[in-house]
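Notes to accompany the following structure.
We did not get these values from a lab; they are worked out from the coordinates using the rules stated. Predicted, not measured: the structure shown is a model, and the values here were computed from it. Cβ sites come from the backbone with ideal geometry, for glycine too, and all protein chains shown count toward neighbours.
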């Protein structure tokens, strides 16, 4: 079974790099596009490791999840993310796909974690 995935990047090169890495996984229909109206508001969230499960992720790995920050004082990256990458990812490879996006400073829609 495949799950839809959409990620947002600052540059086309970032999105294309992730596309190349995702081609190594079980994916369908990977597309990179520039957002025509990048100044509209989307609620995006960076990704981070959650927990300390190391299976399949190497030492110090874990489940990739939406970053949640409860404390004030951290700098927030408000740079526009003008490029989007969309695809379908096998459920077996979904966490690896999120890790690839996270490692390349991609953000995802918070709704991706509410499904």
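Odds and ends about this structure:
- Taking packing as the residue-averaged number of other Cβ atoms within 10 angstrom, the listed peptides 94-100, 7-13 run from highest to lowest as 94-100, 7-13.
- For segment 1-27, the residues whose amide N sits under 15 Å from a probe point set 7 Å from the Cα of residue 92 along the beta carbon direction are 1-3, 24-27.
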